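Q: First the structure, which I've put down as structure tokens, then a few questions once you've had a look.
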Amino acid sequence: MTITSTIAERSAEIVEEFALFDDWFGRYEHLIEQGRDLPEIEDEYKTEDYRIRGCQSQVWMRAEDSADGTVHYKADSDALITRGLVALMIRVLDQQPADAIVSAELDFLDDIGMNEHLSSTRKNGLHAMIKQMKRYALALTN
């Protein structure tokens with residue numbers, strides 16, 4: 001992933017990666033590996049103020065605007081699969097312009113079968129993460 005790549009380019013890269021796996025066991029392992037590679041958020045942000053509501057697991061997220069006009073996200077979770085989901089979303093949306101984040105469709109989640117293969121509680125948590133990321137981006141555009 002390059003910093004200059006677009007949301008669509010990053011999404012396509014993830015779709016290609018997940019297509020390499022023949023079964024969902026491999027895809028889940030890849031998702032967990034994504035989470036392992038995610039840098040931890042600082043402990044000062046592991047508070048209720050940064051916790052995402054609607055997730056079964058604990059998920060903390062923060063965002064800040066960068067000097068180049070993009071949004072930078074940091075996040076963490078106490079559950080491996082959820083941490084992998086957060087890592088995927090950060091791969092796609094980090095260092096993107098706020099208006100692009102707000103309007104992003106994120107169809108890649110359907111393309112890789114994530115919405116179909118997640119439990120309803122994890123799916124709700126994923127949508128809560130996306131909503132929060134877009135909310136942060138919207139706040140940074142105003």
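Q: Tell me the per residue accessible area of segment 9-105 using a 1.4 Å probe; a whole number in Å² is fine.
A: 51 Å²
Q: Which percent of the accessible heavy-atom area of the chain goes to carbon and sulfur, probe 1.4 angstrom?
A: For the chain, the apolar C and S fraction of the accessible surface comes to 49 percent.
Q: Given Cβ point charges of +1 (Lys, Arg) and -1 (Asp, Glu) and nothing else, what value in debye, to the nearest 20, does the dipole of segment 16-93 about its Cα centre take?
A: Computed charge dipole of segment 16-93: roughly 260 debye.
Q: For segment 80-142, take the alpha-carbon Rg, divide it by the Kirkwood Rh, and send me Rg/Rh.
A: Across segment 80-142, the Cα-based Rg/Rh ratio is 0.97.
Q: Excluding LEU109 itself, calculate the net charge of residues whose Cβ lies under 11 Å from the Cβ of LEU109, where each Lys or Arg counts +1 and each Asp or Glu counts -1.
A: Once all neighbours under 11 Å are counted, the net charge is -4.
Q: For PRO39, what charge total do you get from the other residues with a beta carbon under 9 Å from its beta carbon, if Lys and Arg give +1 and Asp and Glu give -1?
A: -2
Q: How big is the dipole moment of the chain about its Cα centre under a simple scheme where the beta carbon of each Lys and Arg is +1, that of each Asp and Glu is -1, and everything else is neutral? Debye, nearest 20, please.
A: Computed about the Cα centre, the dipole is about 560 debye.
Q: Give me the net charge of GLU64's neighbourhood, meaning all other residues with Cβ under 15 Å from the Cβ of GLU64; Lys, Arg count +1, Asp, Glu -1.
A: -3
Q: Which order, highest average first, do 67-80, 88-101 follow once you tally other Cβ atoms within 10 Å for each residue and take the mean per peptide?
A: Those peptides, ordered most packed to least, come out 88-101, 67-80.
The values are calculated or read from the model by the stated rules, or taken from the named source; none is laboratory data. Please read these numbers as outputs of a predicted model, since none were measured by experiment. Positions of Cβ are generated from backbone atoms using ideal geometry, with glycine treated the same way; all protein chains shown enter the neighbour counts. We work out accessible area using only protein heavy atoms, side chains counted, and drop any ligands, DNA or RNA first. Shrake-Rupley method; radii C 1.70, N 1.55, O 1.52, S 1.80 Å.
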